[in-house]
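Asker: The structure's right below; bear with me while I get my questions together.
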């Protein structure tokens with residue numbers, strides 16, 4: 001057996017205490033650090049996103065504080081720059097703020113118009129958009145006290161946002177949902193100038209919003225196992241941000257290209273990343289499906305969303321029954337009218353009249369133009385004055401109206417119970433057969449089935465290369481940009497249902513004239529007749545522009561025979577552009593200055609819908 005003897009003269013033996021000290025001081029701590037590194041708990045992405053959001057909220061507070069200081073110093077150029085920086089800071093927190101704190105977010109960035117709440121209280125506007133109109137295009141040097149007050153309110157709401165956010169527990173599923181909704185918000189509102197209507201600072205703000213999303217996704221893709229996922233997302237984010245950042249002209253920005261080539265791939269990849277990371281995608285019922293890859297997906301919108309009870313959802317049997325009732329005179333009893341009298345399928349379920357003929361004709365007409373029923377299910381309110389929420393109530397209202405159907409629900413039920421074929425159809429659709437409630441629901445189910453979101457524009461976004469002409473593409477960009485149409489008729493439904501939550505449908509005050517000559521405002525006061533609140537005087541629900549080529553004449557009173565006349569009315573600034581001096585007009589009254597070719601392109605685009 002070999003034995004090794006200590007050598008007192010060896011270097012190691014002579015310096016053994018030094019080596020032992022080095023081992024204690026350096027090697028053991030290194031081993032401990034290595035063990036900790038290998039066994040440390042992974043960073044929780046949701047907590048990192050929350051941390052980042054709170055830091056960004058503090059930066060927003062600092063930006064607004066700087067804005068307040070510049071207003072106090074009465075420095076016009078500095079005020080404008082500080083306002084822009086504050087808006088950029090806001091856009092970096094918007095996706096979480098709007099998702100978790102919608103009321104505070106509305107106070108920070110709502111439209112500069114009074115709002116009538118559910119209790120009919122009139123709430124004055126506040127937030128960035130109020131201040132923007134005092135700061136751009138020129139600083140209103142006679143309004144410094146008002147500017148400072150507006151900035152103080154913004155600062156208070158930022159602090160409110162920070163306070164309410166402190167206790168919010170963010171989850172991975174909610175964060176990814178919020179990120180995709182922010183992309184949808186960018187597409188449907190950001191690039192249209194919806195919340196920067198005077199400064200036209202929308203494109204830098206879009207870049208900031210997307211940049212913030214990119215930073216947050218990094219918390220989920222930082223793991224080396226997700227190198228491919230991270231590279232794909234970064235590439236798509238960089239391309240989208242780069243495309244927006246290089247565009248310096250709001251009017252010239254190609255929104256069609258941005259949506260198809262950059263925004264749609266981005267929202268799709270965010271959904272793919274969520275699934276790849278094993279983060280559940282919500283399955284709850286919303287108008288816009290939580291699993292929609294883009295806003296233009298087939299089936300992205302749920303026609304069964306705006307119903308009162310789950311038991312009222314469409315079925316094939318109810319749709320078939322509703323169609324039979326829609327074309328049956330039984331609902332009007334003695335007048336011989338049907339729903340199709342005023343809603344004719346070949347006219348996109350309108351009747352081509354300025355105002356529909358009343359029961360008995362005799363030259364009498366009902367008070368308003370018959371709207372299309374196509375895509376009526378994608379609205380949170382029905383009728384031009386938004387007086388009912390559900391299509392069932394709309395059906396009931398029309399049947400009972402002495403000028404429209406002049407019918408009776410009890411009488412219609414009694415007549416249908418006597419018809420064997422009708423009884424059979426009701427029994428197939430409902431367990432309790434022929435009832436007033438089932439009658440209304442069957443008609444509503446048929447109307448809900450009339451969803452139509454497959455125009456040439458939709459096919460273009462779904463990959464059809466030659467779906468649009470050059471003029472139609474130009475028209476889309478005008479609709480979404482310079483002409484400001486999409487700030488009320490929101491993409492892609494092109495109605496007033498507000499994205500990306502799609503919970504409310506807006507009304508607007510346009511100042512529609514009584515006659516085509518434009519000498520006076522139409523006397524119909526619209527929503528005011530219900531609420532008796534001044535912001536609603538002459539207010540009417542924003543209808544869909546889809547199928548508009550078939551729904552002439554236009555406006556609630558059918559005053560305009562052609563789309564060209566409609567475009568000219570908007571180009572002139574609505575009723576106030578005609579000189580009506582409506583204090584509550586929500587349509588901007590400044591002229592759009594559209595050229596003749598631009599007007600032509602705009603009409604060409606609308607006709608393809």
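The values are calculated or read from the model by the stated rules, or taken from the named source; none is laboratory data. None of the values given here were measured: they were computed from a predicted structure. Using ideal geometry, Cβ is built from the backbone for each residue, glycine included, and neighbour counts are taken over all protein chains shown.
Asker: Out of 340, 348, report the one residue that is under 22 Å from residue 409 (Cα atoms) and either within 33 Å of the chain's Cα centre (by Cα) or crowded, with 17+ Cβ neighbours inside 10 Å (or both).
Answerer: That would be 340, the only listed residue that is under 22 Å from residue 409 (Cα atoms) and either within 33 Å of the chain's Cα centre (by Cα) or crowded, with 17+ Cβ neighbours inside 10 Å (or both).
Asker: Given the conditions (1) surrounded by fewer than 18 Cβ atoms within 10 Å (Cβ to Cβ); (2) not assigned by TED's automatic domain parsing to the domain that holds residue 76, and given that residue 138 satisfies all but one, which numbered condition is not satisfied?
Answerer: Only one criterion in (1) surrounded by fewer than 18 Cβ atoms within 10 Å (Cβ to Cβ); (2) not assigned by TED's automatic domain parsing to the domain that holds residue 76 is unmet by residue 138, namely (2).
Asker: Next question. Please work out if residue 88 is within 21 Å of residue 204 (Cα to Cα) and at pLDDT 95 or above.
Answerer: On the way: within 21 Å of residue 204 (Cα to Cα): yes; at pLDDT 95 or above: yes.
Taking the combined requirement at face value, the residue satisfies it.
Asker: Would you tally the residues in the range 257-298 being under 18 Å from the mean Cα position of the chain (by Cα), surrounded by fewer than 20 Cβ atoms within 10 Å (Cβ to Cβ) and under 21 Å from residue 458 (Cβ atoms)?
Answerer: 8
Asker: Restricting to the range 496-523, what's the tally of residues that are in contact with a strand residue (DSSP E or B) (Cβ under 8 Å, 6 or more places away or on another chain), in a loop (DSSP other than H, G, I, E, B) and either in the same structural domain as residue 183 (by TED's automatic domain parsing) or crowded, with 17+ Cβ neighbours inside 10 Å (or both)?
Answerer: Matching residues across the range 496-523 total 10.
Asker: Going by what's in this entry, would residue 157 be described as more than 28 Å from residue 482 (Cα to Cα) and not assigned by TED's automatic domain parsing to the domain that holds residue 102?
Answerer: no
Asker: Is there a residue being surrounded by fewer than 17 Cβ atoms within 10 Å (Cβ to Cβ) and modelled with pLDDT under 95 anywhere in the range 48-62?
Answerer: no
Asker: Moving on to the next point. Going through the range 219-253 one residue at a time, which ones are in a helix (DSSP H, G or I) and within 30 Å of residue 470 (Cα to Cα)? Reasoning before the result, please.
Answerer: Going through the range 219-253, the residues in a helix (DSSP H, G or I) turn out to be 219-221, 224-245.
Once the filter is applied, which keeps residues that are in a helix (DSSP H, G or I) and within 30 Å of residue 470 (Cα to Cα), the range 219-253 yields 235, 236, 237, 238, 239, 240, 241, 242, 243, 244, 245.
Asker: Just checking, does the range 559-579 include any residue being crowded, with 17+ Cβ neighbours inside 10 Å, assigned to a loop (DSSP other than H, G, I, E, B) and touching a strand residue (DSSP E or B) at 6+ places or on another chain (Cβ under 8 Å)?
Answerer: Yes.
Asker: Scan the range 217-225 and give yes if some residue there is touching a residue at least 60 places away in the same chain (Cβ under 8 Å) and within 30 Å of residue 133 (Cα to Cα), otherwise no. Outline the logic, then answer.
Answerer: First, pick out the residues of the range 217-225 that are touching a residue at least 60 places away in the same chain (Cβ under 8 Å): 219-220, 222-223.
From the residues that got through so far, the ones that are within 30 Å of residue 133 (Cα to Cα) too are none.
No, the range 217-225 contains no residue that is touching a residue at least 60 places away in the same chain (Cβ under 8 Å) and within 30 Å of residue 133 (Cα to Cα).
Asker: Shifting gears a bit: Given the condition in a loop (DSSP other than H, G, I, E, B), over 14 Å from the mean Cα position of the chain (by Cα) and under 19 Å from residue 49 (Cβ atoms), answer yes or no: does some residue in the range 146-166 qualify?
Answerer: Going through the range 146-166, the residues in a loop (DSSP other than H, G, I, E, B) turn out to be 166.
Subsequent filtering for residues that are over 14 Å from the mean Cα position of the chain (by Cα) retains 166.
Filter once more, keeping what is under 19 Å from residue 49 (Cβ atoms): 166.
Checked against the condition, which is being in a loop (DSSP other than H, G, I, E, B), over 14 Å from the mean Cα position of the chain (by Cα) and under 19 Å from residue 49 (Cβ atoms), the range 146-166 yields at least one hit.
Asker: Just for the range 414-434: of the residues that are farther than 12 Å from residue 330 by Cβ and not in a helix (DSSP H, G or I), which one is nearest to the chain's Cα centre (by Cα)?
Answerer: Within the range 414-434, the subset farther than 12 Å from residue 330 by Cβ is 420, 423-433.
Now restrict to residues that are not in a helix (DSSP H, G or I): 430-433.
Working: 430: 35, 431: 38, 432: 39, 433: 39 Å.
Applying the filter and picking the extreme gives 430.
Asker: How many of the residues in the range 101-145 are assigned to a helix (DSSP H, G or I), more than 30 Å from residue 174 (Cα to Cα) and touching a helix residue (DSSP H, G or I) at 6+ places or on another chain (Cβ under 8 Å)?
Answerer: Total satisfying the criteria: 6.
Asker: Could you tell me which residue of the range 279-291 is nearest to residue 493 (Cα to Cα), considering only residues that are assigned to a loop (DSSP other than H, G, I, E, B) and touching a residue at least 60 places away in the same chain (Cβ under 8 Å)?
Answerer: Keep residues of the range 279-291 that are assigned to a loop (DSSP other than H, G, I, E, B), which gives 279-287, 289-291.
Narrowing further to those that are touching a residue at least 60 places away in the same chain (Cβ under 8 Å): 279-282, 286-287, 290.
Details: 279: 29, 280: 27, 281: 24, 282: 22, 286: 15, 287: 11, 290: 17 Å.
Applying the filter and picking the extreme gives 287.
Asker: Would you confirm whether or not the range 581-590 contains a residue that is out of contact with any helix residue (DSSP H, G or I) (no Cβ under 6 Å at 6 or more places or on another chain) and more than 17 Å from residue 484 (Cα to Cα)?
Answerer: The answer is yes, given that some residue of the range 581-590 is out of contact with any helix residue (DSSP H, G or I) (no Cβ under 6 Å at 6 or more places or on another chain) and more than 17 Å from residue 484 (Cα to Cα).
Asker: With over 17 Å from the mean Cα position of the chain (by Cα) and assigned to a loop (DSSP other than H, G, I, E, B) as the only criterion, which of 314, 324 stands out?
Answerer: 314
Asker: Out of (1) buried (at least 16 other Cβ atoms within 10 Å of the Cβ); (2) without any contact (Cβ under 8 Å) to a residue 60 or more places away in the chain, the odd one out for residue 242 is which?
Answerer: (1)
Asker: How many of the residues in the range 435-451 are within 16 Å of residue 326 (Cβ to Cβ) and not in a helix (DSSP H, G or I)?
Answerer: Looking only at that region, the number is 3.
Asker: Among the residues of the range 387-407, is there at least one that is more than 30 Å from residue 499 (Cα to Cα) and either modelled with pLDDT of 95 or more or part of a helix (DSSP H, G or I) (or both)?
Answerer: Step one: filter the range 387-407 for residues more than 30 Å from residue 499 (Cα to Cα), giving 399-407.
Now restrict to residues that are either modelled with pLDDT of 95 or more or part of a helix (DSSP H, G or I) (or both): 399-400.
There is at least one residue in the range 387-407 that is more than 30 Å from residue 499 (Cα to Cα) and either modelled with pLDDT of 95 or more or part of a helix (DSSP H, G or I) (or both).
Asker: Hey, could you check the range 299-311 for residues that are modelled with pLDDT of 95 or more and more than 17 Å from the chain's Cα centre (by Cα) and say which is farthest from residue 232 (Cα to Cα)?
Answerer: For the range 299-311, the residue satisfying everything is 307.
Asker: Let me ask something else about it. Which residues, taken from the range 167-191, are within 30 Å of residue 483 (Cα to Cα) and either more than 20 Å from the chain's Cα centre (by Cα) or part of a loop (DSSP other than H, G, I, E, B) (or both)?
Answerer: 189, the sole residue that qualifies.
Asker: Mind checking whether some residue in the range 254-262 is over 20 Å from residue 377 (Cβ atoms), assigned to a loop (DSSP other than H, G, I, E, B) and not assigned by TED's automatic domain parsing to the domain that holds residue 413?
Answerer: Taking every residue of the range 254-262 in turn, at least one turns out to be over 20 Å from residue 377 (Cβ atoms), assigned to a loop (DSSP other than H, G, I, E, B) and not assigned by TED's automatic domain parsing to the domain that holds residue 413.
Asker: So is residue 455 modelled with pLDDT under 95 and surrounded by fewer than 20 Cβ atoms within 10 Å (Cβ to Cβ) or not?
Answerer: Details: modelled with pLDDT under 95: no; surrounded by fewer than 20 Cβ atoms within 10 Å (Cβ to Cβ): yes.
No: the conditions fail for residue 455.
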